1. Just a yes or no: is a residue in segment 222-240 out of contact with any Pro (no Cβ under 7 Å at 6 or more places or on another chain), more than 20 Å from G28 (Cβ to Cβ) and in contact (Cβ under 8 Å) with a residue 60 or more places away in the chain?
2. Please verify whether C310 is surrounded by 14 or more Cβ atoms within 10 Å (Cβ to Cβ), more than 17 Å from the chain's Cα centre (by Cα) and not β-branched (V, I, T), treating the condition exactly as stated.
3. Could you tell me whether segment 278-289 includes any residue that is over 16 Å from A45 (Cβ atoms) and of a type in the set (V, I, T)?
4. Would you list the helices (runs of 4 or more DSSP H) that sit entirely within segment 16-108 and hold 1 or more residues that are of a type in the set (S, T, N, Q) and open to solvent by 50 Å² or more (accessible area, probe 1.4 Å)?
5. Quick check on my filter: what residues within segment 251-280 are of a type outside the set (A, V, I, L, M, F, W, C) and within 13 Å of the chain's Cα centre (by Cα)?
6. Exactly one condition in (1) charged (D, E, K, R); (2) in contact with a helix residue (DSSP H, G or I) (Cβ under 9 Å, 6 or more places away or on another chain); (3) farther than 30 Å from E265 by Cα is not met by K70; state its number.
7. Just for segment 204-257: of the residues that are among the aromatic types (F, W, Y) and modelled with pLDDT of 90 or more, which one is surrounded by the most Cβ atoms within 10 Å (Cβ to Cβ)?
8. Can you name every residue in segment 282-304 that is of a type in the set (V, I, T) and open to solvent by less than 30 Å² (accessible area, probe 1.4 Å)?
Amino acid sequence: MTIYFSGGTILRGGGVRMYGEIVFYTHGSTIEYGGEIFPAGELTADILNFASEDYPPIQRFLDRMKDLAKQYEDTLDRGVWWELNNQLMELRSQLMRYRVFQILLKEDDRFLNETQQYTESYSFFTDEEMDEQECSKDRWFEMYRQKEEEGWTPPFLLIVDGGREDKWRYYKLQMARYQRYIDDVIVFNPTIHNFINFLLSKLKRNSPEEYAAALYQFYNDERLVEKLIVNPTNLERPFYQKYDPCVVSYLPRELPDGTFAIAQEHTTDSLQMLLKADFMTALNAGHNIRRCIVCKKYFLVRSGVHALYCEGRCPLDERFTCRQYGSYEIQKELARDVPKIKAKITAFNRIRKDHQRGAITEEEMRQLKDAVRDKLFDALSSPDISNEDFKQSISTERLYPLYGIARQANPRGRPRKVKDGDDA
């Protein structure tokens, strides 16, 4: 079964032709791209850290490349093309910091390196040789043999079949592909930032149904559409799109780990489509993306907990992860002035001591701590929950029965003394 969405050129026999096509697969709560399987949402969480302050340097590269392209077409100076290629190579290195671009641009080394050599060695060829329109591989090898007889060994500089005009036309398509990818990120990232920060992070309950309801509101509330969905007017592809060019096919597939699944194969030329498929699959699977309150980076949460911190290295103190730093340092400081956080720390100590006495299992301790974190998030988000109400809600008498946990008989003896704040 094949479903055709808008975009692309439909061919006889059910095919589709797209330039710079992206092919990926979704199955279950995962996405397969570039021969690797990722938890749904992981690629999106990574690219969301392409921050607004990263845009100006990227835009400077694009502007410089546009000027050089015009200059080359006016002068046909191969040195200008060489400088342009250096700019594109540097732009690629900047984008390769992000996982999705590491896959998207992985194969570009060859044409960039061949272009660099082609422009550097232009002086070894006559204009007639370089402009030859029917310059096949065999013809190139013939030209190289002739040059070798003249005393030098030229490199293999195909780039693409054809003469200089064909190569330049192909090169411009590659530049347009980079521009298209960047345009997609420029509108996708701030839009999803807004969705996460203004809707998802405000949910009292985390579940696929709640995520879908929030997205429905985001797409259909005219006030939110106007204020939160980014639609700049200065791009050739100027908007965050609800509908993307894509062909979807259902087929059985052997996965990279040797297992099998009926996967959805997506073929598109839109990076927006790839990122939205990844993000929406994540939301349907109950995954969420949050922003760490310590390092301010986005990270994937594969459960319904209201996580506040990521597990990355803390920029404020490299001895800790952000979660450790947030728990040990920030909350201990805040506890002096915020009674709800002080009550949370007291509850953690009480739960930990129950585990040390053998009254609850390690899994029950983890479950209870997650419950306290969730209730703290709700209490800090809602002014209607008083300090006393929150304290009662995380008491042993209220919390343990709520999750079906019964304390076992306490063994004799005192538990090992734990320093305040450990394992918060």
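The values are calculated or read from the model by the stated rules, or taken from the named source; none is laboratory data. Because the structure is predicted, anything quoted here is derived from the model rather than measured. Cβ coordinates were reconstructed from backbone atoms using ideal geometry, including for glycine residues, and neighbour counts include every protein chain displayed. These area figures cover heavy atoms from the full protein model, side chains too; ligands, DNA and RNA do not enter into them. Shrake-Rupley method; radii C 1.70, N 1.55, O 1.52, S 1.80 Å.
1. Taking segment 222-240 as the starting set, the residues that turn out to be out of contact with any Pro (no Cβ under 7 Å at 6 or more places or on another chain) are 222-229, 233-237, 239-240.
The next check asks that each one be more than 20 Å from G28 (Cβ to Cβ); those that pass are 222-229, 233-237, 239-240.
Cutting the leftovers down to in contact (Cβ under 8 Å) with a residue 60 or more places away in the chain gives us none.
No, segment 222-240 contains no residue that is out of contact with any Pro (no Cβ under 7 Å at 6 or more places or on another chain), more than 20 Å from G28 (Cβ to Cβ) and in contact (Cβ under 8 Å) with a residue 60 or more places away in the chain.
2. no
3. No, segment 278-289 contains no residue that is over 16 Å from A45 (Cβ atoms) and of a type in the set (V, I, T).
4. Output list reads 55-75, 78-95, 99-104.
5. Hits for segment 251-280 are Q272, K276, D278.
6. Status for K70: all satisfied but (2).
7. Y211
8. I289, V294, V301
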